[in-house]
Structures are given as C-alpha cells and as structure tokens.
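Reviewing the structure listed below.
We did not get these values from a lab; they are worked out from the coordinates using the rules stated. Computed from a prediction, not measured in an experiment: that's the story for all the values here. FYI the Cβ positions are ideal-geometry reconstructions off the backbone, even for glycines, and counts take in every protein chain you see.
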Amino acid sequence: MTKPVLQASAATEAEKRKPARLLELPGENGDIAGLLRQAAAAQRLAEERLLADLGITPPQMAVLQLLGAQPGLLAADIARRSKLTPQTISLIVANLRRADLVREEGGALRARPLVLTAQGETVLRRGRERIEAASARLIEGMRPKRERALRRWLAGVAAGVAQPGAADTDEP
C-alpha cells in the first residue's frame, strides 16, 4: 500500500526539478477564464500607459467617464455602477478632488452630488480619445457581425449572465 505514495512522491520530486516556465500564456486553446484575466490585465496596463501623462489611473478615468455622462452622481451611485467598493470610490474621488478634476455640489447634505471641473472635462476628453483609439485598434479588421457578437458576449460576462452561443455568427 505504500507503493502508490512513493510513486506520487517520486512524481512530485520530478516536478520540482523541472525548470519553472516563465510567463506561459495558454493561447487560444487555453482556459477561457485565464484568457479573460490575461486580456483584462493587458488592457489595463495599456490604459495605464495611455493615461499616465494625464495624471490619472484607469479607475479614475472610469469615474470621470461616469460623471461626464451623468453629472451629479453620488459616490454611492458610482460605486454601484463601476462595481467597486464604496471605500475604493471614496479614495478615487478624494484623489480626483485633490487634483481639481471633480468637485462636490450642493449644500450641507452628507452625500453630495459630484461634477467634473473644467480641468476634469479636459482630462476626460483627452483620456477618452486615447482609450477610444486603442479600442478601435483592438477590433481593427474584425467583421462587424463578429464584433457585435463579441460585444454581446463580453457584456453578458460582465453582467454575470450566461450567453450560450452569443459569439456564434453565420460567418466562417
């Protein structure tokens, strides 16, 4: 009965002697969850680089985009829409306020609506131009029907809704 344990132990020792593989990406046949994580990490890094000289991070850009689309949101609204914690949004908003990109409106209310400053609008416009150009490069050469299917599938994944066959198209 000890033989299987010895075999397992020998296999473990052999695995330990194998040289570690550096940054082995799974490729198109890899685990879909792993590929999504890697794609998201690569996109975030690209966005960090695109926004660095504007002095903002991708999460800060997301908050600017929400406020640009809907001025007057409360921090709690932003947290729900961005799927970030209220504590994280509080920190992001504090940093954006310090940088004079957003300001609070309203009187003595505890929760005050947030709006972009003139400088915040400028940074949002510049950041959006860069992000949109990078997004266009991601789908460059993709057929419109496949792009729509990809968008539908990604939106379903983000919403936590299973989308069986969402990426199916009539195209080869």
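So if we plug the beta-carbon distance of A158 and A52 into 1/(1 + (r/R0)^6) with R0 = 25 Å, what FRET efficiency do we get, rounded to 0.05?
0.50
HN-Hα J couplings of the range 43-53 from phi, Karplus 6.51/-1.76/1.60, θ = phi - 60°, integer Hz, Gly and Pro as x?
5, 4, 4, 4, 5, 4, 5, 5, 9, 3, 6
So what is the relative contact order of the range 32-172, in percent, for Cα pairs below 8 Å that sit 6 or more residues apart?
Once divided by the residue count of the range 32-172, the mean separation gives 19 percent.
Under the rule of at least 5 residues apart or a separate chain, name every residue whose amide H is placed under 5 Å from the amide H of V102.
R97, T117
Students often check this: by mean Cβ neighbours within 10 Å, which of 95-103, 139-147, 77-85 ranks highest, and how do the rest follow?
Averaged packing, sorted descending, gives the order 95-103, 77-85, 139-147.
So what J values fall out for the range 75-80 if you push phi through Karplus, 6.51 cos²θ - 1.76 cosθ + 1.60 with θ = phi - 60°, rounded to Hz, Gly and Pro as x?
Ordered by residue, 3J(HN,Hα) equals 4, 5, 5, 5, 4, 5 Hz.
Could you calculate the contour length gain from A133 to E105, that is, 0.36 nm times the residue separation minus the distance between their Cα atoms, to one decimal place in nm?
Gain on stretching A133 to E105: 6.8 nm.
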